[in-house]
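Heads up, the thing below is written out as structure tokens.
The values are calculated or read from the model by the stated rules, or taken from the named source; none is laboratory data. All figures in this text were calculated on a predicted structure; none of them were measured in a lab. Neighbour counts are summed over all protein chains in view; Cβ atoms, including those assigned to glycine, are modelled from backbone coordinates with ideal geometry. Only protein heavy atoms, including side chains, enter the accessible area calculation; ligands, DNA and RNA are left aside. Shrake-Rupley method; radii C 1.70, N 1.55, O 1.52, S 1.80 Å.
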Amino acid sequence: MLIGISGTLSSGKTEVARYLTFQGFKLIKYEPNDLKNGYPILNTPESEEITQEMEQLVIKHYSHMEHYKTFTNLDQLLEFVTLNWRENYVITHIEDISMLRILQKRPFFLHISTDAPMALRFKRSHIPEIEEFIRQNDELLFNNVSPLLEINNQAQIKIINTSTSIKDLFIKLSELNLLNPTRLRPSWDSYFMRLADLAALRSNCMKRRVGCVIVRENRVIATGYNGTPRHLTNCNEGGCKRCNKGFGSGSSLSTCLCLHAEENALLESGRDRIRDDSVLYCNTCPCLTCSIKIVQSGIKEVVYAQSYSMDSESHKVMSEANIIIRQFQPPIDGIFI
């Protein structure tokens, strides 16, 4: 595994890397010719002084870690981590978006970002003037070539580090379980639930977005999302008066024209394609009406993410039909310390 860390100035990147070295990770540094110890060389009269100061800080921060390997060529770094992908490495201060895009192609790469309130980051830094800190912060965040803001937004795990205690930070990092292999390759549950979430984006229902996926032997046989039937005006265009009037959850369902995501998926798959080993994934717990249809179709298992107002009734019906019901719990992808 290779973990790459990006983050704002003095947000805790080095401490996250230090935690990982305690977990057996080896530190990698990338220093191309236009960077100095992982920091961009600033085109300002003070750049030489700033760079020297950062060099001393880097030496101080990394002195307590194991010996680290430095690369000045990205191709060499990629070759090294690819050949040694079974070992664990960490690289900090990712501030080159082209480098990030290349690393993202590797199936063993995990991207973490760190951030913290600016007042706290300034207090942590060794920059004496707040104006200079803000200037350097903005130079990194909104750089025309490699904006750190865009780099951080692409992280799979986001850490907001408001702690003043390294111990508390390390405890929270341990709760993330960064070495979980599903961080790199999603489990089947995660994979199919993401597909259900993606299907939900096509929903036109004014009440809520719901997506559904029906699977057999880990193969998708149908997807569905909620909204008015084909050839009728979309719900978000006024096609369903009930949804557009904003009735409470579960009320006036008899006047609703919208098909539920589960109904659409069941209609798409057809009874002949559903077997006793079929699994239905839905990002919201099925309602009572859909639960009855799920039972009749022969679905073996239902996996859902969000709760719904009819959970108890739905669970009762499906449990009586010996359908396995599970609520999906995604891995933690962020912490606020």
*Could you say whether any residue in the stretch 313-320 is open to solvent by 40 Å² or more (accessible area, probe 1.4 Å), within 30 Å of Glu217 (Cβ to Cβ) and of a type in the set (Gly, Ala, Ser)?*
yes
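Just name the residue that is most open to solvent (accessible area, probe 1.4 Å) out of those in the stretch 197-234 that are part of a helix (DSSP H, G or I) and in contact (Cβ under 8 Å) with a residue 24 or more places away in the chain.
We begin by selecting, within the stretch 197-234, every residue part of a helix (DSSP H, G or I); these are 197-200.
The next check asks that each one be in contact (Cβ under 8 Å) with a residue 24 or more places away in the chain; those that pass are 197, 199-200.
Details: Asp197: 71, Ala199: 15, Ala200: 4 Å².
For the stretch 197-234, the residue satisfying everything is Asp197.
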*List, please: which pairs have Cβ atoms under 6 Å, are six or more places apart or on different chains, and start with a residue in the stretch 311-326 that is under 11 Å from Ile292 (Cα atoms) and end with one that is in a helix (DSSP H, G or I) and open to solvent by less than 70 Å² (accessible area, probe 1.4 Å)?*
Glu313/Leu288; Ser314/Leu288; Ser314/Ser291; Val317/Ser291; Met318/Ser291; Ala321/Val295
*Could you list all residues from the stretch 175-196 that are of a type outside the set (A, V, I, L, M) and open to solvent by 60 Å² or more (accessible area, probe 1.4 Å)?*
Glu175, Asn177, Pro181, Arg185, Trp188, Tyr191, Arg194
*Answer residue from the stretch 118-146, given it is assigned to a loop (DSSP other than H, G, I, E, B) and open to solvent by 70 Å² or more (accessible area, probe 1.4 Å) and is nearest to Ala17 (Cα to Cα) among those*: His126
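With the stretch 1-117 as the region, which helices (runs of 4 or more DSSP H) entirely inside it contain at least 3 residues that are modelled with pLDDT of 90 or more?
Numbers: elements: 13-22, 47-62, 74-83, 97-103.
Fully inside the stretch 1-117 and qualifying: 13-22, 74-83, 97-103.
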*Scan the stretch 280-310 for residues that are of a type in the set (A, V, I, L, M), open to solvent by less than 20 Å² (accessible area, probe 1.4 Å) and either over 19 Å from Arg219 (Cα atoms) or in contact (Cβ under 8 Å) with a residue 60 or more places away in the chain (or both) and jot them down.*
Leu280, Ile299, Val303
*Is there any pair with a first residue in the stretch 161-174 that is over 16 Å from Pro117 (Cβ atoms) and a second that is modelled with pLDDT under 90 whose Cβ atoms are under 6 Å apart and which are 6 or more apart or on different chains, and what are they?*
Lys172/Ile335; Lys172/Ile337
*asked:* List the residue pairs whose Cβ atoms are under 8 Å apart, where the first residue sits in the stretch 97-119 and is over 20 Å from Asp333 (Cα atoms), the second is assigned to a strand (DSSP E or B), and the two are 6 or more positions apart or on different chains.
replied: Met99/Tyr30
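A quick yes/no check of all residues on (1) closer than 17 Å to Val16 by Cβ; (2) in contact with a helix residue (DSSP H, G or I) (Cβ under 7 Å, 6 or more places away or on another chain):
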site	(1), (2)
Leu149	no, yes
Thr162	yes, yes
Asp168	yes, no
Asn177	yes, no
Asn180	yes, no
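Residue by residue, here is whether (1) in contact with a helix residue (DSSP H, G or I) (Cβ under 6 Å, 6 or more places away or on another chain); (2) modelled with pLDDT of 90 or more; (3) within 16 Å of Lys293 (Cα to Cα); (4) not charged (D, E, K, R) holds:
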{"position": "Val213", "(1), (2), (3), (4)": "yes, yes, yes, yes"}
{"position": "Ala222", "(1), (2), (3), (4)": "yes, yes, yes, yes"}
{"position": "Gly227", "(1), (2), (3), (4)": "yes, yes, no, yes"}
{"position": "His231", "(1), (2), (3), (4)": "no, yes, no, yes"}
{"position": "Lys241", "(1), (2), (3), (4)": "no, no, no, no"}
{"position": "Gly246", "(1), (2), (3), (4)": "no, no, no, yes"}
{"position": "Ser252", "(1), (2), (3), (4)": "yes, no, no, yes"}
{"position": "Cys256", "(1), (2), (3), (4)": "yes, no, no, yes"}
{"position": "Leu266", "(1), (2), (3), (4)": "yes, yes, yes, yes"}
*Search the stretch 155-186 for residues being more than 14 Å from the chain's Cα centre (by Cα) and small (Gly, Ala, Ser), and hand back the single one that is modelled with the highest pLDDT.*
Ser174
*Output for the stretch 109-150, where each listed residue is under 25 Å from Met99 (Cβ atoms) and charged (D, E, K, R)*: Asp115, Arg121, Arg135, Asp138, Glu139, Glu150
